[in-house]
Amino acid sequence: MKVAGAFVNEKKKTMITQTKIENIFLLVKSLSKSEKRYFKLYANLQTGDKVYITLFNLCDKLNSPEEVITTFQQKYAKKSLEMAMKYLYGTLTDSLVRVKERHDIQQKIFNHISKASILVEKNLFNNAFFELDKAKRLASLFEFNVLLFHIRQQELIYQGMQNFEGMTERKLINKQMKLSELLKQIRSTHQHHQLYDILKHRILYKDLVRSDNQKKHLNDLVLSEYHLMGNSSYKGFEAIKLHLLFQANYYLHAGNYKSAIRSYQEVITLFEENNYLILNPPIYYLNAINGILDSLHTMGLYEEMPFFIQKLIDIEQGEYAIEFLMKVKCLIYLYKSFCLQNTGKFEKALQWLEDNKATFIEKIELVEPILQLNVYLQMTTLYLYTEQIPLARKSMKKIVSFGKAFYMLPSYKTVRLVNLILQTELGNYDFVETEIQAIKRNIQHEKQAYQTEKLVFKYIQNSQLPVYGNTHQRIWKQLQKYIIAISQSKYERNILRDFNFVAWIESKFLKTPLKEIIYQNH
């Protein structure tokens, strides 16, 4: 029993070590060049054993946590990995805090608040109020209303500790009224965030809007947002930003692409007029550019996209965390790919894919699941368009292997249809028949009649029949009914943007190269 207990404890200890080294490994890999440089300078100022710097270098150079553990234990058998991890994590986070102090406005505000607190403990109230004034000016300028509320509250507490010396009752009431007004602004901003977050969640995890009935599912949020904007007296930067982003996201997913572009352009203008309010990293600014590119892609306006892709390239030049830069790289890759393959420039799209394999696609696990899905789906689409079926199958396998992580995303509906096309090309007809029945059950459950699905099912069911003369014309006329219905629906664009099912089926039935059809349609 003791042996078994010792084995369990040793296994548990190994698992804890593995988890710790994984966290440290990911932290090191996320550092920018300037953060790595500052860490090394900071570490050199510390005394004691510097074995943790060796561990840092291993994490920086090697490709997996397992490699780091093995290499460390082989080269430094007498050193404690546990202690090295402890010192590395502590020193690394300390250095990141110091780096943040130099660039992060919120950190500067916190520093002034901390200094004020220390000065009050030393009974130096005038100096403390001087620090709070600095903090107040920064918080007011950058619209950090929650921090501004805390600063004004601390100011009143410190003045209360002095029995409000030299302060009239009117001045005290004015200070209290300012706090009350700030609370209203904070509440208003919170409500804007709340509605925007719920809208984003519905868009991310509920089905694509493909009908007027599904559009109604967003109406409660739209009405609440209009009511909030109309009844709130606070019209600061944060409120306007969130209002425009809410409107833009709603218009985009409701099929009103012109209005979406207009709202996103207003967001970009708002940021560029208030450049100092762009966050580090510029998340909302990136969302606005992404939204415009998404709208242009859905509308097929590929000539308009390079201007906004350049804005992404400009963001990529900044000193940001690896995860953020990887997201930017991913968006640059995707939108340039869409521009090329959806205008029939397949060879250039393939070259663009090859150019990005080593620098970006091999590290794709660093981006969020929805972007990973979009990249693998784009690769599958490109390989299908260029008739490289084995490579398309390989990309599709990567999507399927992720299981529920991808299955819950609305884009997975497109994946299933693309997979039907792929499996038909591979001759896996048993799978195709079963999958069609499964998709039909889902459609019946949702009580929707999607034209693209009907077109794909009709094509697949007739693709293997030996059709001649009149029979071929009869089937083509049936398919054309669905094609016309799809072309007249703004909602069907959402699913055609990732794979042009209409062009693919036209190419197969008319025996015309897909590249030519896509080019002509564009």
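The values are calculated or read from the model by the stated rules, or taken from the named source; none is laboratory data. Given the structure is predicted, the values throughout are model-derived calculations rather than measurements. All Cβ positions, glycine included, derive from the backbone under ideal geometry; neighbour counts span all protein chains shown. Ligands, DNA and RNA are stripped out before the accessible areas are found, and what is left, the full protein with its side chains, is counted by its heavy atoms. Shrake-Rupley method; radii C 1.70, N 1.55, O 1.52, S 1.80 Å.
Miscellaneous remarks
- Hits in region 288-307 - residues which are open to solvent by less than 20 Å² (accessible area, probe 1.4 Å), within 18 Å of the chain's Cα centre (by Cα) and of a type outside the set (S, T, N, Q): Ala288, Ile289, Gly291, Ile292, Leu293, His297
- Matching entry among Tyr42, Tyr52, Tyr38 (being under 26 Å from Ile16 (Cα atoms) and either in contact with a helix residue (DSSP H, G or I) (Cβ under 6 Å, 6 or more places away or on another chain) or of a type in the set (A, V, I, L, M) (or both)): Tyr52
- Residue selected from region 340-368 under the condition among the small types (Gly, Ala, Ser) and without any contact (Cβ under 8 Å) to a residue 60 or more places away in the chain, by the criterion farthest from Lys29 (Cα to Cα): Ala349
- Number of the exception - Ile475 against (1) at pLDDT 85 or above; (2) open to solvent by less than 20 Å² (accessible area, probe 1.4 Å): (1)
Residues are listed down the side, and each one gets a yes or a no for (1) among the aromatic types (Phe, Trp, Tyr); (2) out of contact with any Leu (no Cβ under 9 Å at 6 or more places or on another chain); (3) open to solvent by less than 60 Å² (accessible area, probe 1.4 Å); (4) over 24 Å from Glu272 (Cα atoms):
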residue: Ile309; (1), (2), (3), (4): no, no, yes, no
residue: Tyr320; (1), (2), (3), (4): yes, yes, yes, no
residue: Gln341; (1), (2), (3), (4): no, no, yes, yes
residue: Lys357; (1), (2), (3), (4): no, yes, no, yes
residue: Val367; (1), (2), (3), (4): no, yes, yes, yes
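- Any hit, region 135-155, residues being surrounded by 12 or more Cβ atoms within 10 Å (Cβ to Cβ) and more than 30 Å from Ile278 (Cα to Cα): no
- You will find that of Leu62, Leu41, the residue that is of a type in the set (A, V, I, L, M), open to solvent by 90 Å² or more (accessible area, probe 1.4 Å) and in contact with a Ser or Thr (Cβ under 9 Å, 6 or more places away or on another chain) is Leu41 and no other.
- Yes/no for Ala248 being touching a Gly at 6+ places or on another chain (Cβ under 6 Å) and either in contact (Cβ under 8 Å) with a residue 24 or more places away in the chain or not polar (S, T, N, Q) (or both): yes
- Leading residue by the ranking (surrounded by the fewest Cβ atoms within 10 Å (Cβ to Cβ)) among those in region 213-253 that are over 26 Å from Phe142 (Cβ atoms) and within 20 Å of the chain's Cα centre (by Cα): Tyr251
- Hits in region 40-67 - residues which are farther than 25 Å from Lys78 by Cβ and part of a helix (DSSP H, G or I): Leu41, Tyr42
- Within region 378-461, helices (runs of 4 or more DSSP H) holding 3 or more residues that are open to solvent by 10 Å² or more (accessible area, probe 1.4 Å) and of a type in the set (Asp, Glu): 429-446
- Lone unmet requirement of (1) over 26 Å from Arg416 (Cα atoms); (2) at pLDDT 90 or above; (3) touching a His at 6+ places or on another chain (Cβ under 9 Å) for Lys329: (3)
- Top-ranked residue of region 495-509 - restricted to ones that are crowded, with 22+ Cβ neighbours inside 10 Å and either closer than 14 Å to Leu422 by Cα or in contact with a strand residue (DSSP E or B) (Cβ under 6 Å, 6 or more places away or on another chain) (or both), ranked as modelled with the lowest pLDDT: Ile505
- Boolean, Ile278 is open to solvent by 20 Å² or more (accessible area, probe 1.4 Å), at pLDDT below 85 and more than 23 Å from Arg493 (Cβ to Cβ): yes
- Inclusion of Leu31 among residues that are surrounded by 15 or more Cβ atoms within 10 Å (Cβ to Cβ) and modelled with pLDDT of 75 or more is warranted.
- Residues (open to solvent by 40 Å² or more (accessible area, probe 1.4 Å) and under 28 Å from the mean Cα position of the chain (by Cα)) located in region 478-494: Lys490, Arg493
- Lone unmet requirement of (1) among the aromatic types (Phe, Trp, Tyr); (2) in contact with a Gly (Cβ under 8 Å, 6 or more places away or on another chain); (3) more than 28 Å from Leu373 (Cβ to Cβ) for Tyr226: (2)
- Test: residue in region 349-359 that is touching an Asp or Glu at 6+ places or on another chain (Cβ under 7 Å) and not small (Gly, Ala, Ser): no
- Test result for Ile278, in contact with a Lys or Arg (Cβ under 8 Å, 6 or more places away or on another chain) and either without any contact (Cβ under 8 Å) to a residue 40 or more places away in the chain or aliphatic (A, V, I, L, M) (or both): no
- Residue satisfying all of: in region 93-117; touching a Phe, Trp or Tyr at 6+ places or on another chain (Cβ under 6 Å) and in contact (Cβ under 8 Å) with a residue 40 or more places away in the chain; farthest from Ile278 (Cα to Cα) among these: Ser95
- Residues in region 222-280 that are assigned to a helix (DSSP H, G or I), among the β-branched types (Val, Ile, Thr) and out of contact with any Ser or Thr (no Cβ under 7 Å at 6 or more places or on another chain): Val222, Ile240, Val267, Ile268, Thr269.
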